[in-house]
Amino acid sequence: MATLKEIAEAAQVSVATVSRVLNDDPSLSVKTQTRQKILEAAERLEYKVPSAKRQASQRLTFAALYTHGQELEINDPYYLAMRYGIETQCEKLGITLVSCYDFKSERPVVAAIDGLLIIGKPQPAAQAWLEQQELPLVFLDGVTDDPRFDCVSVDLYKISRKVIDYFISRGYMRIGFIGGRDDPAYADQREEAFVEYGRSKKVVSAQDVYYGDFSSQSGYQCALKMLATSGDYPPALFVATDSIAIGVLRALHEHGVKVPQQMALISVNDIPTARFVFPALSTVRIHSETMGAQAVNLLMERLRDERTIPLSVFIPSSLQLRDTTTLS
């Protein structure tokens, strides 16, 4: 049987283009003449699509397994935008999408699927189940140590270092942290990077690190605990998410702490509300919708090209400076 390389040479196109045309990739834009040349070359060389490949008349089905509950999307638009990116890209590529929330330890009810999207960090029992699957997997917003699987995320370590470096450049030599944990026993990547890098720069100490969950209410409670230290609080604060920061700002306002005069603040995500709270949040923008779309693309590409080498895609971030760090 002819190979894709032989067809590519006969049609004078790339192997990737041949693969995408023969598999009827809906995202491919190619001239009709080029497509015809490839199909004619394949027929002339008696190329047959392997039976394991999905025929063009069939429709791919992906399952999105969310480790959080759907109610979290109401409190944190970061996750809502990520889901929107997944759904929009699946619709664009003609992929059927099945969603499952609160994926923790039990096997989700999914059948006849071609690939899995895992959003968030699974619990050990769920992770063990995933590792037994032979389906292509992509982890989204939760880096995996398993070398078999793709992942899409942001470099939270880089973000933490970026925030600390900014504060140091502005003369702050004591920086606090308010964050959240999915599991109280394990620190979030932002918290780990903040503590490690901050201590190396001699601007962070354990007494200035607070955490709860990822809600605004938790941010409010953590800030109250910080403010209960009789005024001995850091003049700069890194907050893990915008949603947490909204609760922190409320506590600071109630206690008469002026932002940024008495305490500067930077958070993460740049949700739409960030620019409308008072004062407007300085935050690190994460393109979560793009993360969702790229996770779908990775899964689609792995099936289409039969790629076996796992890929890790890091979506870039950018610091958006507003009123919680700049004096008017």
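Couple of notes before you dig in:
- Of all residues in the range 120-134, those satisfying the criterion of being part of a helix (DSSP H, G or I) and over 18 Å from the mean Cα position of the chain (by Cα) are PRO124, ALA125, ALA126, ALA128, TRP129, LEU130, GLU131.
- Condition check for GLN55: modelled with pLDDT under 90 and more than 30 Å from ARG20 (Cβ to Cβ): no
- Candidates ARG199, ARG250, ARG275, filtered to the one that is among the charged types (D, E, K, R) and within 24 Å of the chain's Cα centre (by Cα): ARG275
- In the condition set (1) within 30 Å of PRO124 (Cα to Cα); (2) in contact with a Leu (Cβ under 8 Å, 6 or more places away or on another chain); (3) at pLDDT below 85, ALA63 is compliant with all but (3).
- As for the range 84-106, it holds at least one residue that is assigned to a loop (DSSP other than H, G, I, E, B), modelled with pLDDT under 85 and open to solvent by 80 Å² or more (accessible area, probe 1.4 Å).
- Qualifying positions in the range 232-254 - closer than 20 Å to GLY171 by Cβ and open to solvent by 10 Å² or more (accessible area, probe 1.4 Å): ASP232, TYR233, PRO235
- First in the range 176-203 and without any contact (Cβ under 8 Å) to a residue 60 or more places away in the chain, second anywhere and open to solvent by 80 Å² or more (accessible area, probe 1.4 Å), Cβ under 6 Å, 6 or more apart: ARG181/TYR211; TYR197/ARG161; VAL203/MET173
- Every condition in (1) hydrophobic (A, V, I, L, M, F, W, C); (2) at pLDDT below 95; (3) surrounded by fewer than 21 Cβ atoms within 10 Å (Cβ to Cβ) is met by VAL257 except one, and the failing one is (2).
- Selection count, the range 69-80, where residues are open to solvent by less than 20 Å² (accessible area, probe 1.4 Å) and either under 16 Å from ASP183 (Cα atoms) or among the small types (Gly, Ala, Ser) (or both): 1
- Residue ID - most open to solvent (accessible area, probe 1.4 Å), chosen from residues in the range 180-190 that are touching a Lys or Arg at 6+ places or on another chain (Cβ under 9 Å) and either of a type in the set (A, V, I, L, M) or assigned to a loop (DSSP other than H, G, I, E, B) (or both): ASP182
Listed here are the residues, each with its yes/no results for (1) at pLDDT below 95; (2) among the charged types (D, E, K, R); (3) assigned to a loop (DSSP other than H, G, I, E, B).
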| residue | (1), (2), (3) |
| --- | --- |
| ASP146 | yes, yes, yes |
| CYS151 | yes, no, no |
| TYR157 | yes, no, no |
| VAL163 | no, no, no |
| PHE167 | no, no, no |
| ILE178 | no, no, no |
| GLU192 | yes, yes, no |
| TYR197 | no, no, no |
| LYS202 | no, yes, yes |
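- Qualifying residue in the range 127-143 (condition: in contact with a helix residue (DSSP H, G or I) (Cβ under 7 Å, 6 or more places away or on another chain), at pLDDT 90 or above, open to solvent by less than 20 Å² (accessible area, probe 1.4 Å) and not β-branched (Val, Ile, Thr)): yes
- Test result for VAL152, on the phi < 0 side of the Ramachandran plot, crowded, with 16+ Cβ neighbours inside 10 Å and under 16 Å from the mean Cα position of the chain (by Cα): yes
- Looking only at the range 123-172, residues that are of a type in the set (D, E, K, R) and in contact (Cβ under 8 Å) with a residue 40 or more places away in the chain come to 7 in all.
The values are calculated or read from the model by the stated rules, or taken from the named source; none is laboratory data. Please read these numbers as outputs of a predicted model, since none were measured by experiment. Reconstructed Cβ throughout: ideal geometry from the backbone, glycine too, with neighbour counts over all protein chains shown. Heavy atoms of the whole protein, side chains included, go into the accessibility calculation; ligands, DNA and RNA do not. Shrake-Rupley method; radii C 1.70, N 1.55, O 1.52, S 1.80 Å.
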